[in-house]
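Engineer: Here's a structure for you.
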Amino acid sequence: MTADPATLRYGTFFEDPMEVLLHDAINHYGGVWQNSNIHYFDTLNQAIDAMQTREIDACTFIEPVIIQLEMLGFKKMCDGADIWQAAYPDTVLVTRQSFMHQHPDTVDAVIRALLQAEKTIKADPTGALSSVTQFYPGVSLPVMMQGLSRQPSQIDIRSLADTIIGRFDALSAMGRLDPPDDPYSVLDFSRLSTLLS
């Protein structure tokens, strides 16, 4: 990042993993989260419009939106790997521990659906992406394919426990989380492990 972080107008999405990336990126490049000019958006289209009208200078996005913006001349300033220096999950499935214990079949059904979706994507990426193009209006299938290659599906995130726990400091600094004494106690991969065994 060449611009002074304090001078930039940022965009992101409230209580979204991308908000954590923005927090860590601002701090990584010498800015101060609490003093930053941050605009929160409800939809990707609002954020894209704000970029195009220069209402903001930088924003957190997902693929294939990043590729679409690069094709319009925007530049990627950084990504999670630049900041966290490790593989990281884009999103995690979260539920209350009480719900997981009371409704394990429901949790299993969701995890099975995610695993089946990942299997389908890997077996037939073109077909899988063709079925969701309506959720990405204006994004061509080739751009979606390129986005998938940059941000592939990964449901088995058990090996990324340290990376997930590593975000707790940011969540705490942002006022989103009171870290437990044992952060690893909030991770429970038991249902995932059972389904993958």
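Engineer: Just to be sure I understand, how many residues within the range 133-153 are closer than 22 Å to LEU93 by Cβ, exposed (fewer than 14 other Cβ atoms within 10 Å of the Cβ) and not hydrophobic (A, V, I, L, M, F, W, C)?
Structural biologist: 2
Engineer: Go through the range 93-105 and report how many residues are part of a helix (DSSP H, G or I) and surrounded by 12 or more Cβ atoms within 10 Å (Cβ to Cβ).
Structural biologist: Qualifying residue count for the region: 2.
Engineer: Evaluate the range 64-82: report whether one residue or more is more than 24 Å from ARG150 (Cβ to Cβ) and without any contact (Cβ under 8 Å) to a residue 40 or more places away in the chain.
Structural biologist: no
Engineer: Another question, then. If GLU70 meets every condition in (1) touching a Lys or Arg at 6+ places or on another chain (Cβ under 7 Å); (2) assigned to a loop (DSSP other than H, G, I, E, B); (3) within 26 Å of THR133 (Cα to Cα) apart from one, which number is that one?
Structural biologist: So GLU70 meets the others, but not (2).
Engineer: Name the single residue that is nearest to SER172 (Cα to Cα) among those in the range 22-62 being among the polar types (S, T, N, Q) and outside any helix (DSSP H, G or I).
Structural biologist: Step by step, filter the range 22-62, then rank; the result is SER36.
Engineer: Output the number of the condition that ALA86 fails; it satisfies all remaining conditions of (1) in contact (Cβ under 8 Å) with a residue 60 or more places away in the chain; (2) surrounded by 12 or more Cβ atoms within 10 Å (Cβ to Cβ); (3) not in a helix (DSSP H, G or I).
Structural biologist: The single condition ALA86 does not satisfy is (2).
Engineer: Restricting to helices (runs of 4 or more DSSP H) lying wholly in the range 132-197: which have 2 or more residues that are closer than 30 Å to ASN35 by Cα?
Structural biologist: Helices (runs of 4 or more DSSP H) meeting the threshold: 161-165, 168-173.
None of the figures in this text is laboratory data; all of them are computed from the coordinates on show. Worth saying up front: this structure is predicted, and the values here are computed from it rather than measured. Using ideal geometry, Cβ is built from the backbone for each residue, glycine included, and neighbour counts are taken over all protein chains shown.
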